[in-house]
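J.: Structure below; questions to follow.
The values are calculated or read from the model by the stated rules, or taken from the named source; none is laboratory data. These figures come from a predicted structure and were not determined experimentally. We place every Cβ from the backbone using ideal geometry, glycine too, and count neighbours over all the protein chains shown.
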Amino acid sequence: MTMNLSHFEAAFLFSLFTSVVMGIVTKNTDRERLQYGAYVFVCFMAALFGIGWAMQLGHG
Amino acid sequence: MAKENEEKEKQPAPSIGAWVPAVALGWLIPGGGHLLLKRTGRGVLLGVAIGGMFVCGLLMRGAMFQPQSGDLLTTLINTGGFIGDLCSGILYLLTSWLGYAQPDMAGAVHDYGTKFLVTAGLLNLLAMVDVFEIAAKRKD
């Protein structure tokens, strides 16, 4: 069994798993963990789309 | 703020018996250290996230690093990658022992898989540090 993911799907999964762990290990209360995990995930997504569009526009 | 930092620095080092079993279990089974310290929810979430990432990496046919010597960059990448893989604990051991480790192949998906495998180990390393802080009573 193998997985053939697109760049976006792979980056999305990577962001999701990483955000969960970063949220859990860095903060002290459940509310802070949830907020920080969501923040990290949004940052990943912003970087993904931002850099993606920058490459698209830069490539011409 | 400075006083808080000073107080933190003055905390005595925790006894080895207080943190070694939890950190060792956290290495062997991702999330296991948190479960041992009765942080069930966090332990399960960590296990699912780290285990999920590792399994995704395997399904993408990512390669496992082997320590190699040579030029500095080769040594750094391969030894660092090997340490990252090793941090996944039983996931890495089972993959190696049961022969699921893939050879390095060209391709974007395989490359993502390799990064997933290493990152799963590095995330488990972060989880182990968290377990240490909990066991040392520096964190709830």
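J.: Collect the residues in region B:51-88 that are polar (S, T, N, Q) and more than 13 Å from the chain's Cα centre (by Cα), keeping them in residue-number order.
T.: Answer for region B:51-88, where residues must be polar (S, T, N, Q) and more than 13 Å from the chain's Cα centre (by Cα): B:Gln66, B:Gln68, B:Ser69, B:Thr74, B:Thr75, B:Asn78, B:Thr79.
J.: Residues of region B:47-74 being small (Gly, Ala, Ser) and surrounded by fewer than 16 Cβ atoms within 10 Å (Cβ to Cβ), which ones? Lay out the reasoning, then the answer.
T.: First, pick out the residues of region B:47-74 that are small (Gly, Ala, Ser): B:47, B:49, B:51-52, B:57, B:62-63, B:69-70.
Across region B:47-74, the qualifying residues are B:Ser69, B:Gly70.
J.: Condition first: without any contact (Cβ under 8 Å) to a residue 60 or more places away in the chain, farther than 30 Å from B:Arg138 by Cβ and of a type in the set (Val, Ile, Thr). Can you find one or more residues in region B:52-61 that meet it?
T.: Filtering region B:52-61 down to residues without any contact (Cβ under 8 Å) to a residue 60 or more places away in the chain leaves B:52, B:55, B:58-61.
Add one more test, that the residue is farther than 30 Å from B:Arg138 by Cβ, and what stays is B:55, B:58-61.
With the extra rule that they be of a type in the set (Val, Ile, Thr), the set shrinks to B:55.
There is at least one residue in region B:52-61 that is without any contact (Cβ under 8 Å) to a residue 60 or more places away in the chain, farther than 30 Å from B:Arg138 by Cβ and of a type in the set (Val, Ile, Thr).
J.: Now a separate question. When you scan region B:27-50, how many residues do you find that are over 12 Å from A:Val20 (Cα atoms), within 15 Å of the chain's Cα centre (by Cα) and either assigned to a helix (DSSP H, G or I) or within 14 Å of another protein chain (Cβ to nearest Cβ) (or both)?
T.: 7
J.: Out of everything in region B:88-130 that is of a type in the set (Val, Ile, Thr) and facing another protein chain (nearest Cβ under 9 Å), what residue ends up being nearest to B:Val44 (Cα to Cα)?
T.: The selected residue is B:Val129.
J.: To continue, here is another question. Would you mind stating whether B:Ala24 is assigned to a helix (DSSP H, G or I), out of contact with any His (no Cβ under 8 Å at 6 or more places or on another chain) and over 20 Å from A:Leu13 (Cα atoms)?
T.: yes
J.: Looking only at region B:101-140, which residues are small (Gly, Ala, Ser), buried (at least 19 other Cβ atoms within 10 Å of the Cβ) and farther than 23 Å from A:Thr29 by Cβ?
T.: B:Gly113, B:Ala120, B:Gly121
J.: Would you mind stating whether A:Thr2 is assigned to a loop (DSSP other than H, G, I, E, B), within 8 Å of chain B (Cβ to nearest Cβ) and of a type in the set (Ser, Thr, Tyr)?
T.: Judged against the criteria, A:Thr2 is a match.
Matching residues to (1) surrounded by 11 or more Cβ atoms within 10 Å (Cβ to Cβ); (2) of a type in the set (A, V, I, L, M); (3) touching a residue at least 60 places away in the same chain (Cβ under 8 Å); (4) closer than 23 Å to B:Tyr112 by Cα:
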{"position": "A:Met1", "(1), (2), (3), (4)": "no, yes, no, yes"}
{"position": "A:Leu16", "(1), (2), (3), (4)": "yes, yes, no, yes"}
{"position": "A:Ile24", "(1), (2), (3), (4)": "yes, yes, no, no"}
{"position": "A:Lys27", "(1), (2), (3), (4)": "yes, no, no, no"}
{"position": "A:Asp30", "(1), (2), (3), (4)": "yes, no, no, no"}
{"position": "A:Val42", "(1), (2), (3), (4)": "yes, yes, no, yes"}
{"position": "A:Met45", "(1), (2), (3), (4)": "yes, yes, no, yes"}
{"position": "A:Gly58", "(1), (2), (3), (4)": "no, no, no, no"}
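J.: Oh, and also: From B:Asp71, B:Asp130, B:Asp85, which residue is charged (D, E, K, R) and touching a residue at least 60 places away in the same chain (Cβ under 8 Å)?
T.: B:Asp130
Residues are listed down the side, and each one gets a yes or a no for (1) over 10 Å from the mean Cα position of the chain (by Cα); (2) at positive phi; (3) more than 8 Å from every other protein chain (Cβ to nearest Cβ):
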{"residue": "A:Val21", "(1), (2), (3)": "yes, no, no"}
{"residue": "A:Asn28", "(1), (2), (3)": "yes, no, no"}
{"residue": "A:Glu32", "(1), (2), (3)": "yes, no, yes"}
{"residue": "A:Gln35", "(1), (2), (3)": "yes, no, yes"}
{"residue": "A:Ala38", "(1), (2), (3)": "no, no, yes"}
{"residue": "A:Phe41", "(1), (2), (3)": "no, no, yes"}
{"residue": "A:Phe44", "(1), (2), (3)": "no, no, yes"}
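J.: Of the conditions (1) in a helix (DSSP H, G or I); (2) at pLDDT 90 or above, B:Val109 clears all except one; give me its number.
T.: All conditions pass for B:Val109, except number (2).
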